[in-house]
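Just so you know, all these numbers are worked out from the coordinates, no wet-lab data involved. Predicted model, so just to flag it, every value in this text is computed and none were measured. Cβ atoms come from the backbone with ideal geometry, glycine included; neighbour counts cover every protein chain shown.
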Ligand code: ASP
């Protein structure tokens, strides 16, 4: 059997963070991809690894254009013969970066994202184990045709459902409702479901440098919609609202959403962290039925941050008709 080749691109995050203080505190991302790879025992038995440092940023400072450049780097890596690709980054925005990559990843080869909750010098650092799992996953034949995956704490998740659900735990990643699709056991990556994916969006040549403005707002008890009303439609390409329960808002917020939705796409998602937006259950002002009647679109099973990225990606080519937004969420917002 020929040795698989895996390209590892490093963006920064805790997995690459070191401290210059005597007590090991105040870590910041400094390590190169080469150093991350060199710290993993047994990695060379899994794959021939080509490491490249793409950025050394804390993940709250990543942005969509950086992730699209990472996408192009990953595409070039498979074009040059890589069996699979791994991206390491901070965990804070990992679920978002993985989903944005997944929306445009147009190759059968696996693209696997990972990170760490403990920095390399911490007792029980999880970075090397997560990177080993990610490389195993990227090298595995069974990972092909699955789009972008997240490998963390021995589990493999689909980019579109995975979420960081704990601020500190080493098992911070879960896929609410649907669960992980695979496990790394001993040296094997085992999947519980057949390979399947939604066809990716097309990234056109003029799109890669674009950066539409699509804010995300969470509603709250007593929200009267004044923030939505203060948004000038000319300043945004769309809006996502993280609503109560199955995507609900107050009656006055619903009116504000209706006013904005006449000008730019507005999507409502659920702020609960699990489960879809409703379709047909409630009829009061601010319910899912009312919001759709006012022109908003339900995110389905996509979390608010992923709904925001889908609307961002759709907006790369300019204003998107409501029907196209609704069709995209219908296709990509359900399992
Ligand atoms: N706490 C973060 C991490 O796990 C920091 C970051 O996202 O860069 O990597």
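Computed values, structure above
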| item | result |
| --- | --- |
| Separation between Cα centres of segment 264-295 and segment 70-84, rounded to whole Å | 39 |
| Span per principal axis, largest first, for the Cα atoms of segment 5-191 (Å) | 46, 37, 35 |
| Choice from 170, 70, 88 showing the highest fluctuation, given a GNM over the chain with Cα pairs closer than 10 Å | 170 |
| Convex hull of segment 59-120 built on C-alpha atoms - directionally averaged projected area, nm² | 4.4 |
| Distance-filtered residues of segment 105-128 - backbone nitrogen under 16 Å, label point 7 angstrom along residue 76 Cα→Cβ | none |
| Cα convex hull of segment 164-264, projected area averaged across orientations, nm² | 11.1 |
| For segment 1-113, the spread of Cα positions along each principal axis, largest first, Å | 46, 32, 17 |
| Cα-based Rg of segment 213-332 normalised by 2.2 N^0.38 Å, two decimals | 0.92 |
| Sequence of 281, 168 once ranked by neighbouring C-beta atoms within 10 Å, starting from the fewest | 168, 281 |
| Relative contact order for the chain, counting Cα pairs under 8 Å that sit 6 or more residues apart, in percent | 13 |
| Order of 15, 181, 289 under a 10 Å beta carbon neighbour criterion, fewest first | 289, 181, 15 |
| Estimated 222 nm signal from helices in the chain, with DSSP H stretches of n ≥ 4 weighted -39500 (n - 2.57), rounded to 500 | -8000 deg cm²/dmol |
| Contact order relative to length of segment 213-332, as percent, for alpha carbon pairs under 8 angstrom and 6 or more apart | 26 |
| Neighbour-count ranking [beta-carbon atoms within 10 angstrom, fewest first] of 202, 164, 306 | 202, 164, 306 |
| Angle between the chain longest axis and helix 322-332 axis [Cα atoms, degrees, rounded to 10] | 40 |
| Cα-based equivalent ellipsoid of segment 291-334: semi-axis lengths in Å, sorted from largest, via gyration tensor | 15, 14, 9 |
| Mean separation of Cα contacts under 8 Å (6+ apart) over length of segment 5-191, as relative contact order % | 21 |
| With eigenvalues of the C-alpha gyration tensor scaled by 5 and rooted, the chain, Å | 36, 21, 18 |
